[in-house]
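> I have a structure here, written as structure tokens, and I will follow up with some questions on it.
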């Protein structure tokens, strides 16, 4: 029985067991990454450190994740995929176990670094299963759903983890992640394909991918796209509380609604990515980035018209990840056409670029909030979105360049 056939090669089914397991893996990665935000006060109290100190774990995670992901992905291409996948998910499990039993903040920092070191590469490896677990017809849908695992984690997993922390203590949130990861590993062993696409190209030659201008344009578009949202997203709760005047007791509900909008954004991104191959899907999103910029500018009106601000935040959530699948298609198609030895590296670029955008956007948002206030976060985010639109226009010169299937 071939793996492709087992995965539904006839095109009639998408949600096969291997696909569900890979989506579940991104859910676990997202839950582990985002859980700190939900249980931050509990960790600070439990380890007797300030909330600001614990908050630094979030930025630390992104700063480790971004540069290590392409390096780890390039290295993983030289080893059997399934064995590498299991090894890295094992490191992920050990990191989370260490979080659960961390006696002090220093150990927690080490544990979070361990998790950040492997998370991006795990996403990249999951992407390489696409031709083995689904058909070309469902390729963009597969990409969208794998990325959506992170959104599902923010909508479902993190609130559950937060409730567990509030009820039983913050360490039990990590115990839950540990238990679910063990179940995930068992399922991986049972259903994932064992075949590999080993590349004989050396480690450094894989980075020739970065000499391709299409790749750099895609990277910059994602960095700016993510930065545009994270300028304000970092301060989403204060915006809802102080600009839109949502009562404290409804802030959690507001976050869930925003998370649902983000989930829709990730899933619809798969539809948008179906329009062409190579650079075409991202090029078509130039108008989306322009519209996003206009909406971000209007966020300054939220304090004046709170109802408009509430509706606008939902709309901004629906725009947040619309470029994810299109950029992944760009990286993978360009690599397949011109740099076939760099497929694992290409699969990692979206995660790398997005986390760079998170770090830059959050930093800019902090400066803007400290100097000008919450009202100006939207307009400054719009600058990033307009730059992303300009980059997409620049991709137009590469539209029509043949990308082999």
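> Which is closer than 22 Å to residue 236 by Cα, assigned by the TED database to the domain that holds residue 244 and in a helix (DSSP H, G or I), of 332, 343, 352, 318?
Details: 332 fails: closer than 22 Å to residue 236 by Cα; 343 fails: closer than 22 Å to residue 236 by Cα; 352 fails: closer than 22 Å to residue 236 by Cα.
Of the residues listed, the single one that is closer than 22 Å to residue 236 by Cα, assigned by the TED database to the domain that holds residue 244 and in a helix (DSSP H, G or I) is 318.
> With the condition being more than 20 Å from the chain's Cα centre (by Cα), I'd like the helices (runs of 4 or more DSSP H) fully within the range 135-248 carrying at least 2 qualifying residues. Walk me through it before giving the result.
On the way: elements: 139-152, 158-168, 170-191, 213-233.
The qualifying helices (runs of 4 or more DSSP H) are 158-168, 170-191, 213-233.
> Looking at 232, 220, which one is surrounded by fewer than 23 Cβ atoms within 10 Å (Cβ to Cβ) and in contact (Cβ under 8 Å) with a residue 12 or more places away in the chain? Write out each step before concluding.
Numbers: 232 fails: surrounded by fewer than 23 Cβ atoms within 10 Å (Cβ to Cβ).
Checking each option against the conditions leaves just 220.
> If you don't mind, another one. If only one of 351, 326 is without any contact (Cβ under 8 Å) to a residue 60 or more places away in the chain and buried (at least 21 other Cβ atoms within 10 Å of the Cβ), which one is it?
Working: 351 fails: without any contact (Cβ under 8 Å) to a residue 60 or more places away in the chain.
Among 351, 326, only 326 is without any contact (Cβ under 8 Å) to a residue 60 or more places away in the chain and buried (at least 21 other Cβ atoms within 10 Å of the Cβ).
> Select, from 368, 364, 399, the only residue that is over 21 Å from the mean Cα position of the chain (by Cα) and either buried (at least 18 other Cβ atoms within 10 Å of the Cβ) or under 26 Å from residue 74 (Cα atoms) (or both).
Values: 364 fails: over 21 Å from the mean Cα position of the chain (by Cα); 399 fails: either buried (at least 18 other Cβ atoms within 10 Å of the Cβ) or under 26 Å from residue 74 (Cα atoms) (or both).
Just one listed residue meets the conditions, 368.
> Moving on. Given (1) under 30 Å from residue 40 (Cα atoms); (2) exposed (fewer than 15 other Cβ atoms within 10 Å of the Cβ); (3) touching a helix residue (DSSP H, G or I) at 6+ places or on another chain (Cβ under 8 Å); (4) outside the structural domain of residue 115 (by the TED database), identify the lone condition not met by residue 182.
In the conditions (1) under 30 Å from residue 40 (Cα atoms); (2) exposed (fewer than 15 other Cβ atoms within 10 Å of the Cβ); (3) touching a helix residue (DSSP H, G or I) at 6+ places or on another chain (Cβ under 8 Å); (4) outside the structural domain of residue 115 (by the TED database), residue 182 misses (4) alone.
> Give me the residue from the range 391-404 that is out of contact with any helix residue (DSSP H, G or I) (no Cβ under 7 Å at 6 or more places or on another chain) and more than 23 Å from residue 224 (Cβ to Cβ) and, out of that set, modelled with the highest pLDDT.
Of the range 391-404, the ones out of contact with any helix residue (DSSP H, G or I) (no Cβ under 7 Å at 6 or more places or on another chain) are 397, 400-402.
This time we only want the ones that are more than 23 Å from residue 224 (Cβ to Cβ), so: 400, 402.
On the way: 400: 76, 402: 61.
Taking the candidates together, the pick is 400.
> Now, a different point. Does residue 312 qualify as being touching a helix residue (DSSP H, G or I) at 6+ places or on another chain (Cβ under 9 Å) and part of a helix (DSSP H, G or I)? Walk me through how you get there before you give the answer.
Numbers: touching a helix residue (DSSP H, G or I) at 6+ places or on another chain (Cβ under 9 Å): yes; part of a helix (DSSP H, G or I): yes.
Yes, satisfied.
> For residues that are under 14 Å from residue 40 (Cα atoms) and modelled with pLDDT under 85, tally how many sit in the range 148-164. Give the derivation first.
Residues of the range 148-164 under 14 Å from residue 40 (Cα atoms): 158-159, 161-164.
With the extra rule that they be modelled with pLDDT under 85, the set shrinks to 158-159, 161-163.
Total satisfying the criteria: 5.
> Next up: Is it the case, given these coordinates, that residue 158 is closer than 24 Å to residue 281 by Cβ and either crowded, with 20+ Cβ neighbours inside 10 Å or in contact with a helix residue (DSSP H, G or I) (Cβ under 8 Å, 6 or more places away or on another chain) (or both)? First the steps, then the outcome.
Details: closer than 24 Å to residue 281 by Cβ: no; either crowded, with 20+ Cβ neighbours inside 10 Å or in contact with a helix residue (DSSP H, G or I) (Cβ under 8 Å, 6 or more places away or on another chain) (or both): yes.
Considered against the rule, which asks whether it is closer than 24 Å to residue 281 by Cβ and either crowded, with 20+ Cβ neighbours inside 10 Å or in contact with a helix residue (DSSP H, G or I) (Cβ under 8 Å, 6 or more places away or on another chain) (or both), residue 158 comes out as no.
The values are calculated or read from the model by the stated rules, or taken from the named source; none is laboratory data. Because the structure is predicted, anything quoted here is derived from the model rather than measured. Neighbour counts are summed over all protein chains in view; Cβ atoms, including those assigned to glycine, are modelled from backbone coordinates with ideal geometry.
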